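To keep things clear, I will list the structure first and then write my remarks on it.
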Amino acid sequence: MSTVSLTEKNGEVPETLVLLHGFAGTHRAWDLVVPELDAERYLPLVPDLRGHGTKGRVRPVTFAGCVADVLAQAPPRFALCGYSFGGRVAQHVALAAPERVTRLILVATSAGLEDEDERAARRAQDEALAAEIEGLDGEAFADRWQAQAVFHGTPDEAARFWRADLLRNDPRDLAEALRGLGPGVMEPVWSRLGELTMPVTVVVGDRDDKFMAFADRYLSILPAAEKVVVAGAGHGIPREAPQAIVAAIQGDDA
């Protein structure tokens, strides 16, 4: 876990902002975002999630375990931002302790697969992928992961930054994370989102068609939500357009 220490100013304490990385990332995935945040307003808390980075060997790798870890590390009240897989964890955290989450920022994420057959097919797909990647070294895994269609069009500089973070993980740990935290394992929470009354910002890239549809659905369900569309961005917004993430978090004009 990385915590950025800040100094209190004028007696005002910055609000803790918990940032949750995507699958196969680590807390370093936020390195382009954290330095740009207003230090007078935010105290970033940037943990690794189970199966990743410094928590690579923590077991069991489950949503319940990830939620417990986040709630144990965070203060009584905090803002929460999650990207992709981290966004799915963030929704579980907010539903588990809504009284503690002051604001929720969901970046290129989903609330799960509702169709049971689709979920079963995804579990089988993820198990096959887990069996494949646990036999790869870090470089081969990075090649495999970056080649996915959802990441097509990632700019070269963003791809290099992302690859460095992928290589901070052990593919064997990521295989366990895929088995325990993949979309096929996650129980969908769409039907529960109406329980969330805190302000919600949904961020999506305008090239990310699949997750654009999810963003629109969030707006139709969440009672206090707004959508931010990032021009020119695909699925990897924190590395492709970090300034847009900062603007969405801070409520600035993008």
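Restricting A94, A124, A120, A128 to residues that are among the aliphatic types (A, V, I, L, M), closer than 18 Å to A24 by Cα and part of a helix (DSSP H, G or I) narrows the list to A128. Among the residues examined, L45 qualifies as assigned to a strand (DSSP E or B) and either under 17 Å from the mean Cα position of the chain (by Cα) or of a type in the set (A, V, I, L, M, F, W, C) (or both). P76: touching a helix residue (DSSP H, G or I) at 6+ places or on another chain (Cβ under 7 Å), over 15 Å from V246 (Cα atoms) and modelled with pLDDT of 95 or more, yes or no? For P76, the condition - touching a helix residue (DSSP H, G or I) at 6+ places or on another chain (Cβ under 7 Å), over 15 Å from V246 (Cα atoms) and modelled with pLDDT of 95 or more - is not met. Can you say whether L174 is at pLDDT 95 or above, hydrophobic (A, V, I, L, M, F, W, C), assigned to a helix (DSSP H, G or I) and within 25 Å of A90 (Cβ to Cβ), as far as the supplied structure shows? The answer is yes for L174. Note on region 22-42: among residues that are among the aliphatic types (A, V, I, L, M) and without any contact (Cβ under 8 Å) to a residue 40 or more places away in the chain, the one that is surrounded by the fewest Cβ atoms within 10 Å (Cβ to Cβ) is A39. Screening the candidates A130, A158, A121, A111 for the property of being open to solvent by less than 70 Å² (accessible area, probe 1.4 Å), closer than 18 Å to Y218 by Cβ, of a type outside the set (S, T, N, Q) and in contact (Cβ under 8 Å) with a residue 24 or more places away in the chain yields one hit, A111. Against the numbered list (1) open to solvent by less than 30 Å² (accessible area, probe 1.4 Å); (2) modelled with pLDDT under 95, M1 comes up short only at (1).
Cβ-Cβ distances below 8 Å connect no pair with a first residue in region 53-75 that is at positive phi and open to solvent by 80 Å² or more (accessible area, probe 1.4 Å), a second residue that is in a helix (DSSP H, G or I) and of a type in the set (F, W, Y), and a separation of six or more residues or different chains.
A residue that is surrounded by 16 or more Cβ atoms within 10 Å (Cβ to Cβ) and either more than 20 Å from E118 (Cβ to Cβ) or acidic (D, E) (or both) cannot be found anywhere in region 186-195. Considering G82, G86, the condition of being more than 18 Å from A247 (Cα to Cα), modelled with pLDDT of 95 or more and crowded, with 17+ Cβ neighbours inside 10 Å is satisfied by G86 alone. Selection of region 64-83 for residues being among the aliphatic types (A, V, I, L, M) and in contact with a Lys or Arg (Cβ under 9 Å, 6 or more places away or on another chain) yields L71, A74, A79, L80. Of the helices (runs of 4 or more DSSP H) that lie entirely inside region 196-254, those containing 3 or more residues that are open to solvent by 30 Å² or more (accessible area, probe 1.4 Å) and either without any contact (Cβ under 8 Å) to a residue 24 or more places away in the chain or out of contact with any Gly (no Cβ under 8 Å at 6 or more places or on another chain) (or both) span 209-221.
Residue check: T7 meets all listed conditions (1) within 20 Å of Q250 (Cβ to Cβ); (2) open to solvent by 50 Å² or more (accessible area, probe 1.4 Å); (3) at pLDDT 95 or above; (4) not aromatic (F, W, Y) but one, namely (3).
Filtered by the rule that a residue be touching a helix residue (DSSP H, G or I) at 6+ places or on another chain (Cβ under 7 Å) and open to solvent by 50 Å² or more (accessible area, probe 1.4 Å), region 161-173 gives F161, R163, L167, R168.
The values are calculated or read from the model by the stated rules, or taken from the named source; none is laboratory data. Just so it is clear, the model here is predicted, and its values are computed rather than measured. Note that each Cβ is placed from the backbone with ideal geometry, even for glycine, and that neighbours are counted across all protein chains shown. These area figures cover heavy atoms from the full protein model, side chains too; ligands, DNA and RNA do not enter into them. Shrake-Rupley method; radii C 1.70, N 1.55, O 1.52, S 1.80 Å.
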